[in-house]
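What follows is a short report on a single structure.
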Amino acid sequence: MAGRRAVKKESLPEIIANDLRQRILSGELAEGEAIRQELLAQEYEVSRMPVREALKRLSAEGLLHWENNRGGTVVKHSLPEIGEIFDLRILIEVDLFRRAIPRMTEADFETCARLLAKMEGAYETEDVSHWGTYNHEYHLALYAAADRHMSLEFLERLHLHSDRYVRIHLSVMKQREPAKQEHCKLLELARAGDTEGGAALLAQHIERTKRELLAMIERQRLQGGE
């Protein structure tokens, strides 16, 4: 007789937090937007308690400014802060990629290739949400062989802050071919065992995204009178 199998059950605060997180990352809840606990409770048709717990979790992740009895807002990063997020990504991701390339196996390459195909499919269908997910998974697959769990944990936190900006960038970016070519080239260099070439291209890839993104957000904020 088979033994019992544990099935992860999400609590109500987890369900609400996950949904709100996606709404923030997708831009549905814009940076600086006011968050009202009582309105969310009505929207989700629950009491205020699970909403309050969900908001506390998102505040701990750095996605919300939240104070009990005072409400809150979606975090709005300054341009220097956004730049810092991507600078930290370069430091961590380049180190991970350097360590991963000599240890990558054919299974790692196949995983990366599958995700790359999904990413390119999302490009073609203008599916920004799924492209963002595949992009993140692809980068993680490139670094998995490094076996650096603490670095990956830090990277996940950075991803929470950078993902919504990357999605905004993709949604308005006219020329996507350079990004597609760089993603393909990263895998080629990894297969070839070219550690330094891969590290250099990855740094260039993230730096280009940062530069284009900051210019775009600065224009948007100036047009909005901020």
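The values are calculated or read from the model by the stated rules, or taken from the named source; none is laboratory data. All of these numbers come straight from a predicted model, not from anything done at the bench. Using ideal geometry, Cβ is built from the backbone for each residue, glycine included, and neighbour counts are taken over all protein chains shown. Each accessible area value is taken on the protein alone, full model and side chains, heavy atoms only, with ligands, DNA and RNA left out. Shrake-Rupley method; radii C 1.70, N 1.55, O 1.52, S 1.80 Å.
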**Asked** Can residue 67 be described as more than 20 Å from the chain's Cα centre (by Cα) and farther than 14 Å from residue 20 by Cα?
**Response** yes
**Asked** In the range 195-215, which residues are open to solvent by 10 Å² or more (accessible area, probe 1.4 Å), among the hydrophobic types (A, V, I, L, M, F, W, C) and either touching a residue at least 12 places away in the same chain (Cβ under 8 Å) or within 25 Å of residue 112 (Cα to Cα) (or both)?
**Response** 200, 201, 203, 214
**Prompt:** Right, residue 16: modelled with pLDDT of 85 or more, in contact with a His (Cβ under 6 Å, 6 or more places away or on another chain) and not in a loop (DSSP other than H, G, I, E, B) or not?
**Reply:** no
**Prompt:** Can you name every residue in the range 141-151 that is open to solvent by 40 Å² or more (accessible area, probe 1.4 Å) and either part of a helix (DSSP H, G or I) or closer than 23 Å to residue 76 by Cβ (or both)?
**Reply:** 144, 149, 150
**Only listed residue being under 17 Å from the mean Cα position of the chain (by Cα) and within 30 Å of residue 188 (Cα to Cα), chosen from 24, 101, 85** = 85
**Request:** Could you identify the single residue in 94, 74, 128 that is at pLDDT 95 or above and in contact with a Leu (Cβ under 6 Å, 6 or more places away or on another chain)?
**Result:** 94
**Prompt:** Do we find that residue 159 is under 17 Å from residue 206 (Cα atoms) and without any contact (Cβ under 8 Å) to a residue 40 or more places away in the chain in this structure?
**Reply:** yes
**Test: residue 192 is among the small types (Gly, Ala, Ser), open to solvent by 40 Å² or more (accessible area, probe 1.4 Å), under 25 Å from residue 104 (Cβ atoms) and in contact (Cβ under 8 Å) with a residue 12 or more places away in the chain** = no
**Request:** Sort out which residues of the range 100-126 are of a type in the set (Asp, Glu) and in contact with a helix residue (DSSP H, G or I) (Cβ under 8 Å, 6 or more places away or on another chain), and write them in order of number.
**Result:** 108, 120
